[in-house]
1. From Ile8, Ile58, which residue is β-branched (Val, Ile, Thr) and at pLDDT below 90?
2. Residues Gln47, Gln43: which one is in contact with a Ser or Thr (Cβ under 8 Å, 6 or more places away or on another chain) and among the polar types (S, T, N, Q)?
3. Working only within region 13-51, note down all residues that are exposed (fewer than 10 other Cβ atoms within 10 Å of the Cβ) and within 14 Å of the chain's Cα centre (by Cα).
4. Of everything in region 15-33, what is farther than 13 Å from Lys64 by Cα and aliphatic (A, V, I, L, M)? Give them in sequence order.
Amino acid sequence: MPLEKKRIEKLIGENLNEVPDRCKGYRNELLDSLNDVILEERQHQIQDTLIQNNVNEICDNLGKYLTENEV
């Protein structure tokens, strides 16, 4: 699992600069959201939890951040 985590982090880091910076701090907020989704998925694998509501909330929060910080 640690190798997989490092690979995912590397791929995200390599591609993050290609994401349009829609507002100040958007890329950092996006990175935090992606990390949160990955953590939810790991918990889901361990505990077999229902993660859809949590992932929806993470996405909603990112959308709210973008809306509140539009230029």
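1. Ile8 is the lone residue from the list that is β-branched (Val, Ile, Thr) and at pLDDT below 90.
2. Gln43
3. If the condition is that a residue be exposed (fewer than 10 other Cβ atoms within 10 Å of the Cβ) and within 14 Å of the chain's Cα centre (by Cα), then Asn15 is the only one that fits.
4. The answer is Leu16, Val19, Leu31.
Conditions tested, residue by residue: (1) out of contact with any His (no Cβ under 7 Å at 6 or more places or on another chain); (2) among the basic types (Lys, Arg); (3) touching a residue at least 24 places away in the same chain (Cβ under 8 Å).
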{"residue": "Lys10", "(1), (2), (3)": "yes, yes, no"}
{"residue": "Asn15", "(1), (2), (3)": "yes, no, no"}
{"residue": "Arg22", "(1), (2), (3)": "yes, yes, yes"}
{"residue": "Arg27", "(1), (2), (3)": "yes, yes, no"}
{"residue": "Glu40", "(1), (2), (3)": "yes, no, no"}
{"residue": "Asn53", "(1), (2), (3)": "yes, no, no"}
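The values are calculated or read from the model by the stated rules, or taken from the named source; none is laboratory data. No experiment lies behind these values; they were computed from the predicted model shown. Quick reminder, even Gly has a Cβ in these numbers, built from the backbone with ideal geometry, and neighbours come from all protein chains shown.
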